[in-house]
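Right, one structure below, let's go through it.
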Amino acid sequence: MSEQEFQPAAEAAPVAPSLSQLERVTSAFSAPSKTFQDIKRGNRSWWMPFLIFAITGYILFAAVSMKIGMQQVVDNQTHLNPKQEEKMSQMPPEQRATASKIGLAITEGAFIAGPLFVLAGIALLSLGLWGTINFAFGGKASYGSIFSMWFYASLPGIIKPLLGTVVIFAGATPETFNIKNYAPTNVAAFLNPMETNAALYSIASSLDIITIWTLILLGIGAATVAGVKRSSGYIAVFAWWAIFVLIGAGIAAITG
C-alpha cells in the first residue's frame, strides 16, 4: 500500500460555539464581526434587540409625556413648519381645534406603535439591502440573515432615545423641544431650524454620529453574511443612505 493510504485524515476546523442573544447584543458594540459571523452560521433570532428598541422608545415616550407634554410637541412641530402654521392660523377655531386633536392622536399613536414601525421599517430596508448585496455584488445572503443582522447593527440607535431622555430631564425647554431632533448627536442639533434652509437642515440632520456608526456596522454585517468584500458592504449601505438623504432634502425643500 502507498504511504498516502496510511496518512491520517485532516482534522476539521473547529466550529465556534453559538452566541446567545445577549452575547450577540454586547458583541454588536465590542466585537461586531463576532455577532455577524454568528448570524451567518444560521443563528438569526432577533427578538432581544427588538425588545430593547421597544423599551428605549417607551422610555423616551414617558419622558416626553411627563416633562414636555404631547400637545406641546404637536404645537412645536406646527411652529417649525411655517406653511403648516400659516394654514392652521387661517382655519376657523373649531376646525383648528379638530386639526390639533388629530395631530395629537397621530403623534401619540406613532409613539405607541413605534415598535411596529421599527419592525416594518427594518423588514422593508432589509429587502432593499438583500437585493443590492446579492445581485449587485454577488453575495449569497439569505433575506433572514440580512433582516436579523439589521437589528443588531442598529443597536447603537438605542443611545439616542436614552440621551434624549437625559436631555429632557436635565431641563429641556418645552417650547423649543423638537421631537424630530431631540438629541445633540448631529450637526442640525446646533442649528436653528427656523433660520436654516429646510433642505440644508435635513442634510445636517443626516450627518449624525449614531447614524454613521450604524451605517458602518451595516456595511460590515452585510459583507459578512453575504460573503463579499467589506468594501462592497460599505458601498451598498452608504449608497442607499445617500439616496434617502437626497430624497429627504428634496421633500424638506418642497414642504418646508
- Net charge (Lys, Arg +1; Asp, Glu -1) of residues whose beta-carbon lies under 14 Å from that of Ser20, Ser20 excluded, is +2
- Given pairs Lys40/Lys160; Lys34/Lys67; Lys34/Lys160 and cut-off 32 Å on Cα-Cα distance, the over-length ones are Lys34/Lys67
- The list [x] 0.97; [y] 1.26; [z] 1.09 gives values of Cα Rg over 2.2 N^0.38 Å, and only one came from this structure; which label was calculated from it? [y]
- Reachable lysines, given that their alpha-carbon falls under 26 Å from the alpha-carbon of Lys87 and they are not under 8 places away in the same chain: Lys101, Lys180
- Task: Rounded to the nearest Å, what's the spacing between the alpha carbon centres of region 75-128 and region 201-233? Just the number, please.
- Result: 28 Å
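Can you tally the net charge around Ala236? Count Lys and Arg as +1, Asp and Glu as -1, for every other residue whose Cβ sits under 15 Å from the Cβ of Ala236.
Values: positive: Lys140, Lys229, Arg230; negative: none.
Residues near Ala236 contribute +3 overall.
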- A student applying the Cα gyration tensor rule (rounded when a/c is under 1.5; otherwise prolate if a/b is larger than b/c, oblate if not) would label region 161-256 oblate
- Anyone know which of Gln37, Gln72, Gln95 comes out most mobile in the 10 Å Cα GNM of the chain? Gln95
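Relative to the Cα centre, what is the charge dipole magnitude of the chain, using +1 at the beta carbon of each Lys and Arg, -1 at the beta carbon of each Asp and Glu, and rounding to the nearest 20 debye?
Using only the charged Cβ atoms, the result is roughly 160 debye.
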- Here the net charge surrounding Ser148, from other residues whose Cβ is less than 12 Å away from its Cβ (Lys, Arg +1; Asp, Glu -1), is +3
- Charge-dipole axis of region 139-243 as Lys and Arg at +1 and Asp and Glu at -1 on Cβ define it, positive-most pick from Trp241, Ala183, Leu163: Trp241
- For the chain, whose charge dipole is built from +1 on Lys and Arg Cβ atoms and -1 on Asp and Glu Cβ atoms, the candidate among Val64, Ser20, Gly139 with its Cα farthest towards the positive end is Gly139
- Item | Label-reachable residues, region 83-115, where backbone N falls under 19 Å from a point 7 Å from Met66's Cα toward its Cβ | 108, 111-112
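All of the numbers you see were taken from the coordinates with simple rules; none came from a lab. Owing to the predicted nature of the structure, the values given are computational and were not obtained by experimental measurement. Positions of Cβ are backbone-derived with ideal geometry, glycine not excepted, and every protein chain shown enters the neighbour counts.
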